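Working notes, structure below.
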Amino acid sequence: RQLNVEPYWLPFTANRHFKADPSPRILVSAKGAYYRTAEGHELFDSLSGLWCCPIGHGHPRIVEALTRQAQTLDYCTAFQMSNPVTLRLAERVADMAPDGLDHVFFANSGSESVDTALKIALGYHRLRGEAGRFRMIGREKGYHGVGFGGMSVGGMVANRKMFATAMIPGVDHLRHTHDYAEMAFSKGQPEWGGHLADDLERLVALHDAATIAAVIVEPVQGSAGVIVPPRGYLQRLREICTKHGILLIFDEVITGFGRMGAPFAAQRFDVIPDMITFAKGITNGIVPMGGVIVRKDIYETFMQGPAGAVELFHGYTYSGHPLAAAVAHATLDVMEEEDLFGRVRELEGVLESAVHDLRSETGLRDIRNIGLTAAIDLEPRSEPGARARAIFERGLREGILLRFTGDTIAMGPPFISTPDEIRRMVEMLRGLIRAER
Ligand code: PMP
């Protein structure tokens, strides 16, 4: 029986067909920067899993850390108790973060991390006697996961409509910063568009600053297709937030842990937010883990909890799971020992020149890049996304796993890729673009 698996969605419901019909969309093993399919094809992992496997698959250090930790302490509640592996990880993550962000609240995914950050923002204001600060501000095209908080501040309009009755109240969205007329084919950070941050001043004037709790943005919008902040944009958001007592949250689920050639995008762009959410890369995608890095005073205020509270007010059964923490240490060890952030900075130039060299191909509307990420937008056809999908499917036959959403193809290869592999990835994409004109 033919598998009918939409490439957009996880094929959970198709499980029972797996054995009967191996398909090229079934991955059976992975090593380094390559997957192997049920049919025995090797595929270059052009998006590091789902942006989450920076040091590649099957890393022996991770296998060893996982085994050792499973034999030592395989679970530990995060309530009342702790354990040395997770405590050391919190210190290590805080040491990597910009100055002032020195507390870590662990969660288990990007979505949970975002919901946690939004709750910390609301709780912080309330406990300081500013309960009137309830509004949240996100951005068009932003992606912050599928929790109710993340969907509310996210810019995926379809999600907000679908669950309209359950969206958190008082959310506004800044305009996104992508403009084909002004910035198409810009390398790195566009020069145009910094002024769009002034949207925030307009919202402040409209609502009164004393009603706004937080602004949450991805420094680089990943899921929307690598939308790079224009020069000055994040700085301006920071200034406006500081001026009005609004907390600034950077959602670094994709950009955190090296993808920008620095520990966090905050350092890359030289803007310090009040909280940073992370997930994905910290555990190389092997065991789920996420979290929020929080300014000390915000953390301490939040942790006082509501007056008279004796019961739990926030936390997860698996917060700071020792297995995830052990895998995170192994991942960070490899990143440090092999100077993989330095390697990202070198590969950034290779990816930038290779991907912008596609400009002469027909039917491309835009090319963007920053750090070890890039995206191309195809000219839309009558059926949206059809060409990208054809490219994706042909890629599976020709040795590359690509990620497409709509007419956009995004790339974020593992940090362990060689310059030749980066060039080959882009040349494969060129061949696919030509074949699917
Ligand atoms: N925030 C950002 C910026 C993301 O890119 C993602 C996932 N792509 C999420 C949140 C949600 O993460 P998760 O899928 O782990 O819940």
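Computed from the coordinates by the stated procedures, all read-outs in this text should not be read as laboratory data. These numbers were taken from a predicted model, which means no experiment stands behind them. We place every Cβ from the backbone using ideal geometry, glycine too, and count neighbours over all the protein chains shown.
Some points to look at:
- Under the Debye formula (equal points on every Cα, no solvent term), log10 I(q)/I(0) of region 330-437 at q = 0.14, 0.22 Å⁻¹: -0.55, -1.15
- Each residue of region 399-408 was assigned a 3J(HN,Hα) from its phi angle through the Karplus curve 6.51 cos²θ - 1.76 cosθ + 1.60 (θ = phi - 60°); the sequence is x, 9, 9, 9, 10, 10, 9, x, 9, 10 Hz, with glycine and proline shown as x.
- Length-normalised contact order of the chain in % [C-alpha pairs under 8 Å, at least 6 apart]: 22 percent
- Region 232-299, relative contact order [Cα under 8 Å, separation at least 6], %: 28 percent
- Projected onto its three principal axes, the C-alpha set of the chain covers 63, 57, 43 Å, listed from the longest axis down.
- Rg and Dmax, both from the Cα atoms of region 229-290 and both in Å, are 12.7, 41.
- Of Lys119/Lys280; Lys119/Lys243; Lys119/Lys187; Lys31/Lys141, pairs whose Cα-Cα distance is over 27 Å: Lys119/Lys187; Lys31/Lys141
- Placing +1 on the Cβ of every Lys and Arg and -1 on the Cβ of every Asp and Glu, with no other charges, gives the chain a dipole of roughly 920 debye about its Cα centre.
- Most mobile of Pro322, Pro169, Pro288 in a GNM of the chain (Cα contacts under 10 Å): Pro169
- Most mobile listed residue (Ala265, Ala90, Ala386) in the chain, GNM with C-alpha springs under 10 Å: Ala386
- Cα gyration tensor, region 91-214 - rounded (a/c under 1.5), prolate or oblate: rounded
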